[in-house]
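Following: one structure in structure tokens, then a few remarks.
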Amino acid sequence: MTDDPDPSRDLLDPSDLIGLAAAGWRLGQDRCAGCGGYHRIWGTLRAAGVVGGPGADEAVLAPLLAALLKPADRVFLAGSADPGLLDLVARAAGQIPLTVSVADLCATPLAVIAQLRRQAATSVSTRRLDLADLEDVGQWDLILSHSMLPFVPPTQRLEILVRLRRALAPEGRLVLAARTSANLTATEAALHDQAWTARARKRIADAGVPLPGPAEAFDADLATFAARRQGQLGGFETAEMIARLLEQAGFEVLQSLKSQETTRLLLGGGTHSRQSYVLVARDPSFA
Ligand SMILES: C[S@@+](CC[C@H](N)C(=O)[O-])C[C@H]1O[C@@H](n2cnc3c(N)ncnc32)[C@H](O)[C@@H]1O
């Protein structure tokens, strides 16, 4: 298995969401292991607007990144479901030359990124890595993490944040996007998977996004995705809870910016939504 671009295929354009979805499905067939097919279907969900990806926070992230990034900055993307986060950084940087390393637990998004058309100003490498094993020290001018933290078991979150702090260069910044939401009640939890899956299927159909493979196989991954999504809700009820965890990890929180509210999922009589925040932090011991 190699992540070298397949010479028989055209390189992917990061704005070609259907092309990325097809590549994620194809490359994920023998790469998605521990994620239960999450990355096989992520691209289709993003193309249909079922998941927002980092684009949902672009209005907040793009100006923030444009203000923080300097020529020759070394940027570390801590968890990335597909090329979306890399593309957002590259567009925010414009002509500013950067070195970007993209890390994820799953090989699929890294393989999709390896198939991308290269952008002149940005040098990109990928790393298959559990962030709980990150050992970089003082290496990164900017670490960007989008929606990774809720994916990590609560017992590992502090450890990963401490490692991200150690990985920052002296003037470095962590930019962390995460969604807050109320914990599901038992009734809502029982309704969640079916409601979310039905809405996802409807949005895919309404958007006219083609399924990347056989419907049966796609639906099996969708069911796994819904069940796992439920486990990732309710980790943080408020932005203050995220800020407190960052402080426990030794960060100083410099900014906490409110971003988008996701569309509401109808669960029985009630609705359930998530609110996104973007926090900027640094290691105060370098101040
Ligand atoms: C919600 S997704 C990221 C979504 C983000 N909006 C994006 O488009 O990249 C979370 C990502 O973090 C990765 N991840 C979760 N735990 C990780 C860990 N311990 N180490 C590295 N990556 C991890 C998952 O594989 C997944 O790709």
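Every number here is computed from the coordinates shown, using simple stated rules; none is lab data. All of these numbers come straight from a predicted model, not from anything done at the bench. No Cβ is skipped: glycine too gets one built from the backbone with ideal geometry, and neighbour counts run over all protein chains shown.
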Could you work out the local net charge near A62, counting Lys and Arg as +1, Asp and Glu as -1, over the other residues with Cβ closer than 13 Å to its Cβ?
-2
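Evaluate Rg over Rh across region 77-127, taking Cα atoms for both radii and Kirkwood's formula for Rh. Please report the intermediate quantities before stating the final value.
Values: Rg = 10.1 Å, Rh = 10.9 Å.
Rg divided by Rh gives 0.93.
Please list 215-227, 48-60, 196-208 highest first by mean number of surrounding beta-carbon atoms within 10 Å per residue. All intermediate terms of the calculation are to be shown ahead of the outcome.
On the way: 215-227: 16.7, 48-60: 20.2, 196-208: 15.1.
Peptide ranking by packing, descending: 48-60, 215-227, 196-208.
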Amide H neighbours of E237 under 5 Å, counting only residues 5+ apart in sequence or on other chains, H built in-plane at 1.01 Å?
S181
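Based on the alpha-carbon set only, what is the convex hull volume of region 23-130 divided per residue, in Å³?
Per-residue hull volume (Cα only) is 93 Å³.
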For every helix of n ≥ 4 consecutive DSSP H residues, a contribution of -39,500 (n - 2.57) applies; sum these over the chain, divide by its total residues, and give [θ] at 222 nm rounded to the nearest 500 deg cm²/dmol.
-12500 deg cm²/dmol
Region 112-235 - Debye-derived log10 I(q)/I(0), Cα point model, q = 0.20 Å⁻¹
-1.19
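Calculate how many DSSP beta bridges within the chain are antiparallel, expressed in % of all such bridges and rounded to the nearest 5. Mind dumping the intermediate values first?
Working: 17 of 40 bridges.
Once the DSSP bridges in the chain are tallied, antiparallel ones form about 45 percent.
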Need one number: nm distance between label points at R203 and E237, each 7 Å from Cα along Cα→Cβ, rounded to one decimal.
2.6 nm
Residues in region 113-130 near a label at D13, defined as backbone nitrogen under 15 Å from the 7 Å Cα→Cβ point?
116-119
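Any idea what diffusion coefficient the chain gets from Stokes-Einstein, in µm²/s, Kirkwood Rh on alpha carbon pairs, 10 °C, 1.306 mPa s?
On the way: Rh = 19.4 Å.
Translational diffusion coefficient: 82 µm²/s.
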How many nm separate the modelled label positions at R128 and A59, each set 7 Å beyond the Cα in the direction of the Cβ?
3.9 nm
